[in-house]
Every structure is written in structure tokens, then in C-alpha cells.
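Single-structure report; data block below.
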Amino acid sequence: GAVVSQHPSRVICKSGTSVKIECRSLDFQATTMFWYRQFPKQSLMLMATSNEGSKATYEQGVEKDKFLINHASLTLSTLTVTSAHPEDSSFYICSAASGGPDTDTQYFGPGTRLTVL
Amino acid sequence: GDSVTQMEGPVTLSEEAFLTINCTYTATGYPSLFWYVQYPGEGLQLLLKATKADDKGSNKGFEATYRKETTSFHLEKGSVQVSDSAVYFCALFSTGGFKTIFGAGTRLFVKA
């Protein structure tokens with residue numbers, strides 16, 4: 001149980017285009033989803049927290065107009081990188097928490113590697 | 001604010017060696033503590049967790065004990081395998097901010 005998928009796993013795009021990454025909880029309802037960015041050989045940097053049906057809460061320094069997050073249902077959250085530039089190239093990882101007694105435990109997706117040319 | 005400090009890597013061990021990866025934390029209240037593992041090119045997988053003082057989390061031969069007096073949650077395994085080569089992240093769940101705080105990660109290489 002507690003499986004989270006991400007799509008696509010890898011994407012290459014041209015500078016200036018937008019890219020959408022999907023995060024789905026496959027066998028549980030995720031009241032909260034998190035989006036992280038990970039640079040090579042570094043830890044995870046939390047970008048934003050999203051709750052179903054409400055606006056995402058962004059961490060300091062993360063541009064909400066550039067990284068659009070939508071949490072439309074209890075099983076789906078999307079991250080859209082708008083007008084992507086080479087410096088946005090990174091490994092993006094989502095996670096989901098189910099709430100209830102395990103609200104402190106996150107289940108992670110496999111990650112999406114974004115390369116902006 | 002809340003924080004997690006874990007030993008720097010990389011750690012290189014021979015197969016069947018004993019593993020310890022140190023982790024200490026700073027937090028207000030009583031956070032839940034976690035170890036996550038990341039294999040190359042993949043996301044993170046929950047390895048084990050502990051939710052209160054003196055709890056021991058264990059999974060796949062790994063274990064860690066929540067030590068409130070020393071604010072530590074060291075990861076141990078008695079006999080590592082080549083397949084254990086990965087990056088290990090210590091983390092705490094911050095009840096104040098409702099988010100997980102990660103350590104920097106420790107890369108483990110196990111050679112045959």
C-alpha cells in the first residue's frame with residue numbers, strides 16, 4: 001500500500017516552455033501533498049505544501065507564479081513549471097500524506113527529472 | 001527552528017560490516033523521527049520511523065532508537081549488503097510547521 005506515482009519520470013523541454021508534472025496517490029487519499037526539489041548530491045528542498053481544494057503554501061524564496069501547484073482531488077496534485085529556464089533543471093519529487101494517525105508519514109513518488117535546454 | 005544533522009558521507013564499507021549513521025535533531029515538542037532511503041535515480045522510500053521516546057523503529061535489518069535525552073536517532077545495521085548502497089536521510093516531522101525536515105543525507109557504498 002501507500003504508493004505514489006509521478007508522471008513523467010523524465011522530461012526535456014526548450015527554454016520558455018511550460019512543463020506539467022503529475023503526482024498521484026494510487027491506493028490512498030492524500031489530504032496533503034508536498035513538492036520538493038533536489039539538486040545533485042543534495043538533500044530535498046521543500047517547495048510547497050498543498051491541501052486538496054485550497055491554495056498551496058509556498059516556502060520562502062519559491063516563486064508561486066513560476067511553480068504553479070494544483071491539488072484538484074484527494075489523489076492528484078500537479079506542479080507546472082512555467083516559462084522554464086535552464087536553472088529550473090532539477091529532480092522534482094512529490095510526496096503525499098494520508099492524514100489520520102499517520103499524518104506525520106509521507107510517501108514519496110519516484111521523482112521527475114526535468115532538463116531545460 | 002527545527003533541524004536535523006546527520007554525519008557526512010560518503011561511508012564506504014565492506015559487505016557484512018556493521019553500519020552506524022549518526023543523526024541528531026533539534027525540535028520543539030515531540031516530533032516523529034524517520035529514516036528514508038534513496039536509491040540512484042529514484043524517489044525516497046520510508047525505511048523506518050519512531051514516534052516517541054525509547055521507541056525502536058526497524059525494517060530490513062535496519063534499526064534506530066528514539067533517544068530523547070541525547071536528541072538522537074542513529075541508524076544501525078549489523079551486516080550490510082551491496083544492495084544497501086544508497087543515500088540515507090534522517091528526518092523529523094515538525095508538528096509546529098506541519099512539514100518534514102530532512103538531514104543532508106549520507107551516501108553509503110558497500111563493496112563486495
query = Any idea how far the Cα center of the range B:12-40 sits from the one of the range A:3-81, in Å?
reply = 26
key: Whether the range B:1-52 is rounded, prolate or oblate, judged on the alpha carbon gyration tensor where a/c under 1.5 counts as rounded   = prolate
key: Largest to smallest principal axis extent of the C-alpha atoms in the protein assembly as shown, angstrom   = 49, 39, 32
message = Less than 13 Å apart at the alpha-carbon level, and either on another chain or at least 8 residues along: which aspartates and glutamates does that give for B:LYS52?
response = A:ASP104, B:GLU69
key: Residues with amide H under 5 Å from that of B:ALA86, placed H, sequence gap 5 or more   = B:LEU108
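Once you list every other residue whose beta carbon is under 13 Å from the beta carbon of A:SER98, what net charge do they have if Lys and Arg are +1 and Asp and Glu are -1?
Once positives and negatives cancel, what remains is -4.
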ask   = For A:LYS64, which lysines qualify as cross-link partners when the Cα separation must be under 16 Å and same-chain residues fewer than eight apart are set aside?
value = A:LYS20, A:LYS55
ask   = For B:LYS49, which lysines qualify as cross-link partners when the Cα separation must be under 24 Å and same-chain residues fewer than eight apart are set aside?
value = A:LYS41, B:LYS60, B:LYS68, B:LYS77, B:LYS99
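Quick check: net charge around B:HIS74, other residues with Cβ under 15 Å of its Cβ, Lys/Arg +1 and Asp/Glu -1?
On the way: positive: B:LYS49, B:LYS56, B:ARG67, B:LYS68, B:LYS77; negative: B:GLU8, B:ASP54, B:ASP55, B:GLU63, B:GLU69, B:GLU76.
Here the count lands on -1.
Report, in debye and to the nearest 20, how large the dipole of chain B comes out about its Cα centre when Lys and Arg carry +1 and Asp and Glu carry -1 on their Cβ. Don't skip to the answer; put the middle values down first.
Working: 10 positive and 11 negative charges, 41 e Å.
Magnitude of the dipole: close to 200 debye.
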Any cysteine of chain A lacking a neighbouring Cys Cβ under 4.7 Å - listed by number = A:CYS13
message = I'd like the mean, over residues of A:107-116, of how many other protein chain beta carbons sit within 10 Å of each residue's own Cβ.
response = 3
inquiry  = Quick check: convex hull over the Cα atoms of chain B, volume per residue in Å³, rounded to an integer?
reply    = 91
ask   = Per residue of B:90-99, what is the mean number of Cβ atoms on other protein chains within 10 angstrom of that residue's Cβ?
value = 3
Rg/Rh ratio calculated on Cα atoms of chain A (Kirkwood radius) = 0.95
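Any read-out appearing in this document is the output of simple, stated calculations on the displayed coordinates, not a laboratory observation. Bear in mind that the values here come from a model prediction, so they are computed numbers and not experimental data. We place every Cβ from the backbone using ideal geometry, glycine too, and count neighbours over all the protein chains shown.
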